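The block underneath contains the structure these notes are about, expressed in structure tokens.
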Amino acid sequence: MESIHIPVLIDEVLEGLCVKEGGLYFDGTLGGAGHTIALSRKVGPTGLIIATDRDLKAIDAAEERIKRESNFENQSIKLPIRLAQANYRDFEAVFELLKIDSVDGFLLDLGLSSDQIADRNRGFSFDSDGELDLRFDVSEGLPAYELLNKWNVDKIADIIYQYGEERYSRRIARAIVEYRTRQPIRIAKELADICRRCIPTPPWNQRIDPATRTFQALRIAVNDELNALESFLKKAPQYLKPNGRIAIISFHSLEDRIVKNTFRENSILEAITKKPIEATDLELSRNPRARSAKLRIAQRIQ
């Protein structure tokens, strides 16, 4: 499937990482491969980009795109990219397999891919008639609908409040439990409709769908996203070469807080961005989904 995902802050990422010819970089969130391919063109044939993703569909689509890009204008120049299906928190295992000790830079884009939203069979789209799955790697863990049908009301409310920062979390949780007394929740649209009935949304404030925070919270919980980020940040600085950099794009205040605190508190890192870099008006006009993106960059100093 052709990727429709537009990579955010791509020029800012390339500049912030100080990508150099012949460099070695790790992109832990391959997605539509936009960042990965841009990095590969900067490092050239003597460099290497290692890219991972938990989503096997993303890996398969990226392989096809990379082949096409390699044959652009019949140049037949193979892009210096190695792909692996893996959680970015497990980068050490990938490095060991490739016999890599250190890299010039790390990149994470923690946003949901437009390709995943467009796949109506996975439940990322609010109005999808597909199952409410929400897993990046469908071979791991349980789908969101199974968890929603077994968690008690307090568990559901806590997750929606903690990970979604949803002020109506308890009202939504009670409505979910009441709904499943009649039939189990299974379809994404069912949950979205429940959220919309629970949240009073005045007509002048329609920018964010009332289901947004609940879906976000469940996705974070199902994929253990915050723990993955914390685990990665504990290990990654040790694998940076001197003056190597880490660039992380977050879309959620909890993620951004974790990144900011790590960059400030880790003794071998120096924050390059005192405040996060955000999308320009020009980028937002082309890609409205970049509106919540925040890029932070740190450099190894020891």
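The values are calculated or read from the model by the stated rules, or taken from the named source; none is laboratory data. This is a predicted model, so every value here is computed, not measured. Using ideal geometry, Cβ is built from the backbone for each residue, glycine included, and neighbour counts are taken over all protein chains shown. For the accessible areas, the whole protein counts, side chains as well, though only heavy atoms, and no ligand, DNA or RNA atoms are used. Shrake-Rupley method; radii C 1.70, N 1.55, O 1.52, S 1.80 Å.
From largest to smallest, the equivalent ellipsoid semi-axes obtained for the chain from the alpha-carbon gyration tensor read 35, 21, 18 Å. For the residue pairs Lys67/Lys260; Lys42/Lys294; Lys235/Lys294; Lys78/Lys241; Lys150/Lys234, the C-alpha atoms sit more than 29 angstrom apart in Lys67/Lys260; Lys150/Lys234.
How would region 142-183 be classified by its alpha-carbon gyration tensor: rounded, prolate or oblate, with rounded meaning a/c under 1.5 and the a/b versus b/c comparison settling the rest? It is oblate, given that a/c is not under 1.5 and a/b is not larger than b/c. The modelled label-to-label distance for the pair Lys155/Asn243, using points 7 Å beyond Cα in the direction of Cβ, is 5.2 nm. Would you list the membrane-span-like helices of the chain, meaning whole DSSP H runs whose alpha-carbon atoms span at least 15 Å along their axis and whose mean Kyte-Doolittle value is at least 0.0? Passing helices, by number: 153-164, 212-223.
For Arg54, the accessible surface of its heavy atoms amounts to roughly 40 Å² (probe 1.4 Å, protein chains only, rounded to the nearest 10).
I need the shape label for region 36-99. Rule: rounded when a/c is under 1.5, else prolate if a/b > b/c, else oblate, with a, b, c from the alpha carbon gyration tensor. Here region 36-99 falls in the oblate category. The mean sequence distance of close C-alpha pairs (under 8 Å, at least 6 residues apart), as a share of the length of region 81-209, puts its relative contact order at 19 percent.
For the pair Lys99/Ile208, report the inter-label distance in nm, with labels modelled 7 Å from Cα in the Cβ direction. Placing both labels 7 Å beyond Cα along the Cβ direction yields 5.0 nm.
Residue separation times 0.36 nm, minus the C-alpha to C-alpha distance between Glu140 and Ile268: what's the value?
Additional length available on full extension: 42.7 nm.
Peptides 63-70, 185-192, 32-39, 127-134, ordered by how many other C-beta atoms sit within 10 Å of their residues on average, highest first, read 32-39, 185-192, 127-134, 63-70.
Region 192-268: which chymotrypsin sites (Phe, Trp or Tyr not before Pro) are DSSP loop and have at most 16 other beta-carbon atoms within 10 angstrom?
Here the sparse-neighbourhood loop sites are Trp204.
Placing unit charges on the Cβ atoms of the charged side chains and taking the dipole of the chain about its Cα centre, the candidate lying farthest along the positive direction among Gly32, Gly244, Thr273 is Thr273.
Normalised by the number of residues in the chain, the mean separation of alpha-carbon contacts (under 8 Å, six or more apart) gives a relative contact order of 18 percent. The calculated FRET efficiency for the pair Ile301 and Glu63, based on their C-beta separation and a Förster distance of 25 Å, comes to about 0.10. For the chain, a crude dipole built from +1 on the beta carbon of Lys and Arg and -1 on the beta carbon of Asp and Glu, taken about the Cα centre, is about 700 debye to the nearest 20.
When a/c reaches 1.5 or more, the comparison of a/b and b/c decides; with that in mind, is region 203-297 rounded, prolate or oblate per its Cα gyration tensor? The shape class here is oblate.
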